[in-house]
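The values are calculated or read from the model by the stated rules, or taken from the named source; none is laboratory data. Nothing here was measured: the structure is a model prediction, and the numbers come from that model. Note that we place each Cβ from the backbone using ideal geometry, even for glycine, and neighbour counts take in every protein chain shown.
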Amino acid sequence: MINARRLAVNVGGKVILNEVSFAVDAGEVVAVVGPNGAGKSTLLKALCGDVTVQSGHITIAEKPLHKWDLKSLAKVRAVLCQSYDVEFPFLVDEIINMASFAHQLPLEKWQEIVNDVCVKLDINELRSKSFTQLSGGEKQRVQFARVLCQLQPALHQKVPCALLIDEPTANLDLFHQFQIMQLAKQSAKQGAAVVMVVHDLALAASFSNRIYLLERGEVKASGLPDSVLNMAQLKQTYNIPAELSQVKGCLPSLKVHQHPLSV
Amino acid sequence: MLAVSRFFVFSTSQKCLVLVVLSLTLATSMLVSLSVGGVSISVANWLAIAAGDASVQGLSSVLTQIRLPRLVLAVMVGASLAATGAAMQAIFRNPLADPGLIGISSGAALGAIITIVLGSSVLGSFVALFGLYAIPVGAFLGGVVVCGCIYRLTLRAGQFNVISLLLAGIAINAIVGAFIGILTITSNDQELRDLTFWSMGSLAGNTFDMILPALIVMTFSCASLYKQRIALNLYVLGEQSAKHLGVDVNALKKRVFLLTACAVGAAVALCGIIGFVGFIVPHIVRMFLGPDHKYLLPASMLGGAILMSIADLVSRTIVLPSELPIGLITSALGGPFFLWMLLKMQSKQSF
């Protein structure tokens, strides 16, 4: 669905991404992980066309990114950015309904989509509230609902589509972290290509099909979670002796060995 | 958090009702404004004028040649300033924004003042060419030049950036202030009187011939801004998010900016700098109707028109037989309101 070849991004002479190639297919969840400043968010922005790419090229559904017009793109691609503050007191409902901009859907059909998504994210009781009065986590869930609504028409029509989310679980409690991951995974099962930037390696391993590990603007490893998040790699990238641990009947978790620095 | 809280949450039909009430209020205030003044027009007089009675011809010409053009201008200027204020606030994603802020108003003022002071000497041929319209055209050009400058400055920085736009506006306001000061010092007595009165904002002395081009420009700008209502809503989510939802944000910004330049240029050209209307009105409307531009824009236009028609009535009648520049009234109301808003935000930010 999204293909990027040998991307290079420099900002003010500093190399942010260097020869990064990336691919995500319909139906899979790909997680992008890495330490702070590794270029994860920049990679996501590059895939969205939000930063100037010095070299390399990106295609979405086989078509070069720059040839897409914004409205057609908005029909098949939804993005959740890290910043989601709104300065004016829109109601939650109004915010979510903004997702219908690119779609030409009858009102009832759209309302059905919104109702459905709001039930899934259990934000029904927030819908008549003012967005500016919500807590950080609530705001994030509402923005995720908006993004999910934007993608629903494409999912229903079985059109190839993509969901790109940047740290969707940053402000959330454990339950809502799982809830959002579950919904991202479900979108992939319905046919979307899902790309997510996450910090939590255990969550990444639990909900993604493949992982890209970025460090200082380069892809250090990519592939199945088990093969990427191994002891040697994590020691090298994060300087933490850790590995994935798989207990039968449980989601993968991160087993951290006693750190040499700890007392 | 800069957001203003909402007092009410209205349903769609209630919002429409508010628009109807505002329209009726505007009609009433216009009628009152036409009737009251140095000579007042009673109901009987109205009927006589409507019937074409020759005995009230004097009143009739006061009405159609003095009060009506002035009122129509006040209403359109109020609507334009409020609509552009609302649009600028969306583009800046900051409820304190105002067309005056980015230097358009003062740029237009500079254009007009240059025409007033230099019209008899250096710019003689310019004045001869445009005749009656020389000062308005000068003001309009001033506004457009400032817009062009600010726009170019912000493009230099790469992406069209709101902060650099604001800073450029501050710089241009300062430059324009300096030029106006220099011209004030070098002007003679008559020029000084014209200049001072004009720079405080006044609706006086405009005929239909004179205001017609500006009315067309302002009407067009207001209508075009209303067409951007949904895109403006999405823009409030943030530039990236709006883009991801399918809004061509760069085109939107250019369009809103240009329309604002046109509307504010035309308004300042005819009545000088009338501050704070573009700030106060959208604010109050937002408290009642919420930030949805589908209602915010038309309600702001109506509110701006009401505010200006009442302010004009006060400016005409409060110190009869003289009159107070209307810009003083709006600033006297707007300044304290602005400070109150700032204090409210400060106290909100502190916890």
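Tell me whether the stretch A:37-46 contains one or more residues that are within 24 Å of A:MET181 (Cα to Cα), modelled with pLDDT under 95, surrounded by fewer than 23 Cβ atoms within 10 Å (Cβ to Cβ) and away from chain B (no Cβ under 14 Å). Looking through the stretch A:37-46, at least one residue is within 24 Å of A:MET181 (Cα to Cα), modelled with pLDDT under 95, surrounded by fewer than 23 Cβ atoms within 10 Å (Cβ to Cβ) and away from chain B (no Cβ under 14 Å). Applying the condition of being among the charged types (D, E, K, R) and in a helix (DSSP H, G or I) to the stretch B:271-328 and asking which residue is farthest from the other protein chains (Cβ to nearest Cβ) yields B:ARG316. Can you name every residue in the stretch B:92-111 that is surrounded by fewer than 24 Cβ atoms within 10 Å (Cβ to Cβ) and either more than 13 Å from the chain's Cα centre (by Cα) or among the small types (Gly, Ala, Ser) (or both)? If the condition is that a residue be surrounded by fewer than 24 Cβ atoms within 10 Å (Cβ to Cβ) and either more than 13 Å from the chain's Cα centre (by Cα) or among the small types (Gly, Ala, Ser) (or both), then B:PHE92, B:ARG93, B:ASN94, B:PRO95, B:LEU96 are the ones that fit. Have a look at B:LEU81, B:LEU73, B:LEU34 and point out the one that is within 18 Å of B:ILE284 (Cα to Cα), surrounded by 18 or more Cβ atoms within 10 Å (Cβ to Cβ) and more than 14 Å from chain A (Cβ to nearest Cβ). On inspection, the qualifying residue turns out to be B:LEU81.
Residues of the stretch A:116-131 being assigned to a helix (DSSP H, G or I) and in contact (Cβ under 8 Å) with a residue 40 or more places away in the chain, which ones?
Quick first cut of the stretch A:116-131, residues assigned to a helix (DSSP H, G or I) only: A:116-120, A:124-126, A:131.
Hits for the stretch A:116-131 are A:LYS120, A:PHE131.
Here B:PHE130 passes the criteria (1) surrounded by fewer than 18 Cβ atoms within 10 Å (Cβ to Cβ); (2) farther than 21 Å from B:ILE273 by Cα; (3) within 14 Å of chain A (Cβ to nearest Cβ) except the one numbered (3).
Residue count for the stretch A:73-100, restricted to those that are more than 8 Å from chain B (Cβ to nearest Cβ) and under 21 Å from A:PRO160 (Cα atoms): 3.
Test B:VAL236 against the criterion of being touching a residue at least 40 places away in the same chain (Cβ under 8 Å), at the interface with chain A (Cβ under 8 Å from one of its Cβ atoms), surrounded by 21 or more Cβ atoms within 10 Å (Cβ to Cβ) and not hydroxyl-bearing (Ser, Thr, Tyr), and give yes or no.
yes
Kindly list, by first and then second residue, each pair from a residue in the stretch A:191-210 that is in a helix (DSSP H, G or I) to a residue that is among the charged types (D, E, K, R), limited to pairs with Cβ atoms under 6 Å and residues at least 6 apart or on different chains. What qualifies is A:PHE207/A:LYS185. When B:ALA267, B:ALA174, B:ALA242 are checked against the criterion of being among the hydrophobic types (A, V, I, L, M, F, W, C) and in contact (Cβ under 8 Å) with a residue 60 or more places away in the chain, a single residue qualifies: B:ALA267. When B:GLY205 is tested against (1) buried (at least 23 other Cβ atoms within 10 Å of the Cβ); (2) modelled with pLDDT under 85, exactly one condition is not met: (1). Any residue at all in the stretch A:132-144 that is part of a helix (DSSP H, G or I), modelled with pLDDT under 95 and over 21 Å from the mean Cα position of the chain (by Cα)? Yes, because at least one residue in the stretch A:132-144 is part of a helix (DSSP H, G or I), modelled with pLDDT under 95 and over 21 Å from the mean Cα position of the chain (by Cα).
Just give me the residues in the stretch B:48-91 being polar (S, T, N, Q) and modelled with pLDDT of 90 or more, in sequence order.
Step one: list which residues in the stretch B:48-91 are polar (S, T, N, Q), which gives B:55, B:57, B:60-61, B:64-65, B:80, B:84, B:89.
Of everything in the stretch B:48-91, those that are polar (S, T, N, Q) and modelled with pLDDT of 90 or more turn out to be B:SER80, B:THR84.
The residues of the stretch A:122-151 that are buried (at least 19 other Cβ atoms within 10 Å of the Cβ), within 16 Å of A:ALA184 (Cα to Cα) and away from every other protein chain (no Cβ under 14 Å) amount to a single one, A:ARG141.
Please indicate, with yes or no, whether at least one residue in the stretch B:50-66 is part of a helix (DSSP H, G or I) and within 15 Å of the chain's Cα centre (by Cα). No, the stretch B:50-66 has no match at all.
Of B:ALA267, B:ALA261, B:ALA223, which residue is out of contact with any Pro (no Cβ under 6 Å at 6 or more places or on another chain), at pLDDT 85 or above, within 26 Å of B:GLY335 (Cβ to Cβ) and away from chain A (no Cβ under 14 Å)? Before the answer, list the steps.
Numbers: B:ALA261 fails: at pLDDT 85 or above; B:ALA223 fails: within 26 Å of B:GLY335 (Cβ to Cβ).
After applying the criteria, what remains is B:ALA267.
Only one of the listed residues (B:ALA87, B:ALA54) is in contact with a His (Cβ under 9 Å, 6 or more places away or on another chain) and either within 14 Å of chain A (Cβ to nearest Cβ) or aliphatic (A, V, I, L, M) (or both). That residue is B:ALA87.
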